[in-house]
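J.: Structure in structure tokens, see below.
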Amino acid sequence: MNHKPRILFFSTGDSTRSQIAEGFLRMFAGDELVAVSTAQSAEADPLTQDVMTEIGIDISGQHPKQIAESFKEHFSYVVSICDASRERFPVWPFTPNILRWSLADPELVSGSTEQKKEMFRSARDKIGQNVREFLEQLRDGERRLA
């Protein structure tokens, strides 16, 4: 039986960053992988959906898993998304492949709506770049094994 690799994106704050990462992986990988997200808080700022829609990615149907549920499941990779200078990385005892992306939380920016949106766009673009690189490395590794 062929099982698709399951990738969990975890954010230590709200689900803004993990939802963005899940949306990008779904777009870039199609049905090649299973993308899942979770966060300590399932809420995502509405600006998250706005900035993803700007680039043609609809994340309105995504719903992050409850964090307790995600600890009970097995994933091929867990990608922990947090700001290493402000947040602690969690421990994932049942996942051998853990990646840590240190990315500022756009939720912490204060200012006008447009200033906040610029921070969300910056986070979105960095997460998109990271997801592309992750997917390329994953595919390169599979080619070497074939």
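We did not get these values from a lab; they are worked out from the coordinates using the rules stated. The structure presented is a predicted model; accordingly, all values stated were derived computationally and were not measured. We place every Cβ from the backbone using ideal geometry, glycine too, and count neighbours over all the protein chains shown.
J.: In nm, to one decimal, how far is the residue 113 label point from the residue 99 one, both placed 7 Å along Cα→Cβ?
T.: Those two pseudo-labels are separated by 3.4 nm.
J.: Sticking with this structure for a sec: In the chain, how many lysine pairs have Cα atoms under 29 Å apart, counting only pairs 8 or more places apart or on different chains?
T.: Details: 4/65; 4/72; 4/126; 65/116; 65/117; 65/126; 116/126; 117/126.
Total qualifying Lys-Lys pairs in the chain comes to 8.
J.: Moving to a separate point now. Check which residues have an amide H placed less than 5 Å from residue 43's amide H, if you skip close sequence neighbours.
T.: Those qualifying (amide H under 5 Å, at least 5 residues apart or on another chain) are 15.
J.: What ³J(HN,Hα) values, in whole Hz, does the Karplus curve 6.51 cos²θ - 1.76 cosθ + 1.60 give for the stretch 8-16 when θ = phi - 60°, with x put for Gly and Pro?
T.: Running phi through 6.51 cos²θ - 1.76 cosθ + 1.60 with θ = phi - 60° gives 10, 9, 10, 10, 6, x, 7, 8, 3 Hz.
J.: Give me the number: length gained by fully extending residue 53 to residue 122, i.e. 0.36 nm times residue separation minus the C-alpha to C-alpha distance, one decimal in nm. Each step should come with its number before you reach the end.
T.: Working: separation 69, 0.36 × 69 = 24.84 nm, distance 1.45 nm.
Contour length minus Cα-Cα distance gives 23.4 nm.
J.: Short version: what are the Cα gyration tensor semi-axes of the stretch 6-145, square root of 5 times each eigenvalue, largest first, in whole Å? Kindly include the intermediate steps, with their values, before the conclusion.
T.: Details: eigenvalues 108, 60, 39 Å².
In descending order, the three semi-axes are 23, 17, 14 Å.
J.: Let me ask another. Can you give the translational diffusion coefficient of the stretch 18-92 in µm²/s, computed by Stokes-Einstein from the Kirkwood radius over Cα pairs at 20 °C and 1.002 mPa s?
T.: The diffusion coefficient I find is 159 µm²/s.
J.: Report the gain in length on full extension from residue 76 to residue 133: 0.36 nm times residue separation, minus Cα-Cα distance, nm rounded to one decimal. Kindly include the intermediate steps, with their values, before the conclusion.
T.: On the way: separation 57, 0.36 × 57 = 20.52 nm, distance 1.65 nm.
Gain on stretching residue 76 to residue 133: 18.9 nm.
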